[in-house]
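Read-outs: derived from the displayed coordinates by stated rules, not from any lab. Note that the coordinates shown come from a computational prediction; the quantities given were computed from them, not determined experimentally. Note: ideal-geometry Cβ built from the backbone for every residue, glycine included; neighbour counts use all protein chains shown.
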Amino acid sequence: MTMLKTLKVIFLDIDGVLLPFPNDENFGSRLFPASTLQSLQSLLKKTNGAKLVLSSTWRVRKDFVKDIVDSIKDFDIEFEGFFDTTDINMHSERQWEIERWLSKQMHRSYEKVIWLALDDEELLEGDVNKAFRETFEGHVVKTESHKGLTMDDVKDAERLWNNQLSL
């Protein structure tokens, strides 16, 4: 008998989320500013048990992925590495890449997927995002590229997360 389970994931973009741009600020020895890492740390605590899926274009280079993982761990965030990445061979609209990943998971005996997408790209508006807009509504936190992930974004994410948990 197969147990159906719930998968909890957060799709993480890097540029404009963990790494604000344009940015001439020096983060010392860190790849990312402390402010975005603190926000990520807070979100991971609030979404107890959520796994990170790298949806950024950074996913295509193993050395970049390692740098991200090391930077997150060095900030003292409890993190074992990315659960997965969106398809490294698919380079289209971010919304489509995430939707494809989600579709594959629903065929792997997950009864439910609770998820968020953290991105500075538009994942809801516009013609290009029309196809999966209904799927994405209630799951997207759009950051401001020049700020990256903020504590206000974390509050929005927590609200969306809790709404999904209550369904």
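Among 123-136, 30-43, the peptide with the highest mean count of other Cβ atoms within 10 Å heads the list, and the full ranking is 30-43, 123-136. When the charge dipole of segment 15-135 is built from unit charges on Cβ atoms (+1 for Lys and Arg, -1 for Asp and Glu) and taken about the Cα centre, the candidate among 23, 79, 58 whose Cα reaches farthest toward its positive end is 79. The translational diffusion coefficient of segment 22-75, from Stokes-Einstein at 25 °C and 0.890 mPa s with a Kirkwood hydrodynamic radius over alpha carbon pairs, comes to 197 µm²/s.
To the nearest 0.05, how large is the calculated FRET efficiency for residue 134 and residue 166 if R₀ is 25 Å and r is the Cβ-Cβ distance? Display every interim value, and only then the final one.
On the way: r = 19 Å, r/R0 = 0.76.
Once the sixth-power term is evaluated, E becomes 0.85.
Among the listed pairs 46/66; 73/155; 51/104; 5/142; 45/73, those with a Cα-Cα distance over 20 Å are 46/66; 73/155; 5/142. Remark on segment 5-165: Rg and Dmax equal 14.9, 46 Å (Cα only). Packing-based ranking of 111-122, 151-162, 63-74 yields 111-122, 151-162, 63-74, ordered from highest to lowest mean Cβ neighbour count within 10 Å.
For the pair residue 87 and residue 111, label points projected 7 Å from Cα toward Cβ lie 2.9 nm apart.
When only C-alpha pairs under 8 Å and at least 6 residues apart count, what is the relative contact order of segment 5-165, in percent?
Numbers: 241 pairs, mean separation 58.8, N = 161.
Relative contact order for segment 5-165 comes out at 37 percent.
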